[in-house]
Each structure stands twice: as structure tokens, then as C-alpha cells.
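Here is the structure we will look at.
The values are calculated or read from the model by the stated rules, or taken from the named source; none is laboratory data. Small disclaimer: the values here were computed from a predicted structure and weren't measured. Please note: Cβ atoms are built from the backbone with ideal geometry, for glycine as well, and neighbour counts cover all protein chains shown.
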Amino acid sequence: MNRIKKQIGIALLSLFIIGSIAFKSDFFEIAKQLEIYTTLFKELDMYYIDEINPAELNEIAMKSMLNSLDPYTNFYDEQGIEDVNIKRSGEYGGIGAYTRYKDKRLYILEPYKDAPAAKAGINAGDEILQIDDVLLKDYEGESVGSLLRGIPETTVELTILRQGKKMNFTIARSKIETHPVPFFKMVDDEVGYIAFVKFNKKASAEVKKAIGELKEKGMQKLILDIRGNPGGLLGEAVSITNLFIPKNKVVVTTKSKVKKWSKTYKTRKEPLDLEIPIVVLVDGRSASASEIVSGSLQDYDRAVIMGERSFGKGLVQRYRKLVYGTQMKLTISKYYTPSGRCIQELDYTNREPDGEVPKFSDGKVNMFKTENGRKVYDGGGVLPDIEIEKPKTLELTKVLYDSDAFFNFVTDYYYQNKSITLADKFQLENTVYNTFKKYLSSHSDTYETTSEVKFKAAFELVENDGYDKKINKHYDLFKAAMVNEKMKHLDKNKDEIIDRLTEEIVKRYYFKEGVYKQKLSFDFTIVKATELLHDTKRYHKILK
């Protein structure tokens, strides 16, 4: 017996020594690299030919380092932390407008309904030239939008540029709340609809409130729309799932390198409704907490998932405080749905030499089973029980979405058309789509494909090499041919582009609320979800 104890003791001591050596080795390597970096930084500051900005240079270095890991591990300065806290809390003091800062120019993308900006007459498309005494063209830094925020009831002076004319506004700030549930309504006498767009601290409370109000109006079946919902607080995802499944059920499990951060999250309260039939709508932009809700409800056969395969973010982040009031958000674990699947799509650990990130769904995926024995799979997001097929979004169309073309076209459309029909009656005429294509033809530089950018760069090299100017004619002909091809390719995603254009136009006249009213009348997926909920036999057959 003593001999066995002695052997166990030796084994444990060996493990401790090995662990200590490994820890010291890691510590030494970190200390070594930090010393190299510090020395390099000092040498740059002392001897580089021009003056350097240490803070700016260090931020570039940190961002480059973190970007090599995954898109979710980030560094935040004090201003960045304030922005994060606003997103998580869902409220702040300001004028109530969504803005974008690009090329030292600040634009209003969307004034919120009934907020100070909209009441004062600020429109989407307005360029802010000056905020109080600050001229935007002279402003340094990315946090320019924070100048619009402040204590409620204080005022801010704005100079804006609209359709070539300068205008001045004095706007009193107020408390602005960003609602995770921007819209809910009865589709018909039985089916209720809830649009749910983010997981901040108010998420579960607002979803619960919406369900209560819809039930008072006779709701017996529910459509929960989390398309485009990028996620947020994990705890809110658990609370929302808890509305529909019993107490003490596993919703999600996280597994981390640090043992104390590995955790199983269970429902903690009695559910709101265990019987109501539910269809959850997802798409390729439903991510993270959205996938926890849809994945867990699918694993418990508690809802039919409908739409497109979700984004596939199975990673969990946590904020860690750093020195001088800064923080970092870093990926600490992977999460797993109740059946045991991790729906992470991109494998950041095994990047290709060219930087390409491989997909888990391109390799072998593993099968799991729901509570009723239905087959589900890991890797590549949550696969819907009913897929709504649509033509693949072309790379060219994605480039168009990332450009300003939609926004700028709709701004012109808004000032050319004083009004449109009511939101729930609005359908985009084919003539408007054709007008949009003509606009794109004459503004093709606003969205350029990778091939166009490289071709333009090659042509500039040819010019610099001193070739005959007659070559310009050939370039113009080739460029025109490329634009013509772009227009043809866009038609392959015509329906998708019309949907995006419709949304932008309706939002200008009726705010976000109008967008949902229009969708409730014409959105194909919502129509299909309503039909399924009315077909009780088919609904239960899918789940069993």
C-alpha cells in the first residue's frame, strides 16, 4: 500500500514539475517577446527619420495581432468601452440617430422615430459638417459620433449639408432607448409576430412583454423573427429560451481553456408557455446568441426553425480590464447546444498560408439527435428544419451591399418622391429597379469588384510606363463591357436586391416600424411560417 502511495506521489510530483516547467517556459517566451517589442519601439522613437505617434503606432500593432486570431478578439480604449456599454445597456443620452463616419465625413443613416433628431427635421442622407464648435473636416479620430451624445436636456448645435444646401439645427438631447424588440403585431386572428434584433440587457423582458400583449389580442401561435440578429448577451439567450422550455433544462454549455470559465447554463425559472406552437425565422446573419436560442429550441423539438442556415458563431467572448482604463474582449470558449453540437463555421485556428479561413462544414460534420430523435449536425450554423431556398448571393451583389450605392440612390429617390403608398401596401415597381440599374451603370465606381480594382491598378501602371495615350480608348471600351456584365449578373439576384431596395425606401418614409409592416404583408418567409402554423398536422409531424 505504501509502495502504491509512493508511486502516486512521484507521479503527481512529476506532473507538477512538468506543469511548472511549461508555465515558466510560456512566461519566459512572453517576457522575451515583450522585451524585443519594447526595444524595437524605443529604437523607432529615437532614430526613425520622421516623428512617430506612439499611441497610433501601438494601436495598429495591437489590432494587427488580434486580427490574426479571430474577428471577435478586440482592444478598446475608453471611448470604445463607452460604445460597448451603450450597446449592452440599450440606452444613452443623445439625439437618436444612427450615423456613419467615413473619409472624415459624418452621415445620418437613420433618424429614430419620435427621437429628437427626427422631430427636429433631420433626415437620412444629411451630412453633418459641424457639431457645436467642432468642424468635422478638422476632427481627428474615429469617435466623432460621441460628440452627439450627452446628458439629456442639454442642446447641441448642428450644421448639416442636404442636397447641396447648408442648414442649421439646435437639438435638445434626450434619453434614447434602443429596443431589442422594435416591432410586434398579430398576423391574423391566431398568429402573432415578434421581430427581435439584438440581445442587450432588455431583451428577455421585452420579448416576454410582447408575448403577453399579443396573447391579450388572441395569439395562439407565434413567429419569432431573429433574422439579421447578430447576438449579444449569453444570459439573455438563456432567459429567452427559458420562456418556452421547463425549469432546470440545459440551454448551452461552454468549454474553455480556463476550467472555471467552462460552465453549463440551465433554465432557472418556470416557463411562460410550454404549449404554444413556434416558428423561429433565421438567416445567414443570425449569429451567436441567436443561434443559442434557435439551436436549443430545435434540440428540444420546441420550435420549427425556418429560413436559411444561420451564420455559425459558436464562440464566446469575455471583457477583461487592462491598464489605463482600457479593456479587451477575447474569445474564451466554445459553446455547445443541448444535443452537444458546436455550430462554429470558421476554423480560425487552422488558417491557410494565404490567410484563408477554412470552414468546418466543408469537412466531416458530426450527427447529433434532438430530444425526439431527429438528426441535427454540428459545424456551419443552425440548419433550419424548413429551408427557404433562394438564388446564391453573388460576390458582385455582396460588394454592392457593402457600398453606398443603395443609400445614395434612395436618398435621391426620397427627395424626388414626396410620398409613397402606406407601408403595408407598398411594393416596388419594376421601373424603380430598372432606374436603380441605370444609376449603378453611371455610378459603377461606387462599388468595384476585386477584378475591377486590380484592372484599374494595372492600367495606371501601363500609363506610368509611358505607353501611347491611344490605349485609353481600349481601356474605356473594356471598362464599359465590364459594367455591362455587372448589370447582367445583378439580375441573377434581382429579387434579393428588390427586397433590399424596398426596405431602404420604406424606412425613409415610415422608419423601421414601416419596414416590419411591409414585411408582414409581403415577406415570403413570414407567409410560409404563417401557413405552417395553421397546418397543425404538418407542424407536429416535422417535430416528431
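Worth a mention:
- Residues of segment 496-506 include at least one that is in contact with a Pro (Cβ under 9 Å, 6 or more places away or on another chain), in a helix (DSSP H, G or I) and more than 16 Å from GLY192 (Cβ to Cβ).
- Matching residues, segment 478-518, being over 21 Å from THR431 (Cα atoms) and among the basic types (Lys, Arg): LYS479, LYS512, LYS517
- Residues that are under 17 Å from the mean Cα position of the chain (by Cα) and in the same structural domain as ASN200 (by TED's automatic domain parsing) do occur in segment 297-308, at least one of them.
- The test for being more than 30 Å from THR241 (Cα to Cα), surrounded by 12 or more Cβ atoms within 10 Å (Cβ to Cβ) and in contact with a Leu (Cβ under 9 Å, 6 or more places away or on another chain) holds for VAL432.
- Restricted to strands (runs of 3 or more DSSP E) entirely inside segment 96-154, those with at least 2 residues that are more than 21 Å from the chain's Cα centre (by Cα) and of a type in the set (A, V, I, L, M) are 127-131.
- One residue stands out in segment 121-139 among those that are crowded, with 16+ Cβ neighbours inside 10 Å and of a type in the set (A, V, I, L, M, F, W, C): the one that is nearest to PHE169 (Cα to Cα), namely ILE122.
- Answer from LYS166, LYS175 - the residue that is touching a Pro at 6+ places or on another chain (Cβ under 7 Å) and more than 25 Å from GLN518 (Cα to Cα): LYS175
- Residues of segment 309-336 that are surrounded by fewer than 22 Cβ atoms within 10 Å (Cβ to Cβ) and in a loop (DSSP other than H, G, I, E, B): ARG309, LEU322, VAL323, TYR324, GLY325, THR326.
- Count of residues meeting criterion [buried (at least 20 other Cβ atoms within 10 Å of the Cβ) and of a type outside the set (Lys, Arg)] in segment 148-180: 6
- Test for SER143: is it modelled with pLDDT of 95 or more and among the small types (Gly, Ala, Ser): no
- For segment 338-357, a residue qualifies if it is small (Gly, Ala, Ser) and under 27 Å from THR241 (Cβ atoms), and the qualifying residues are SER339, GLY340.
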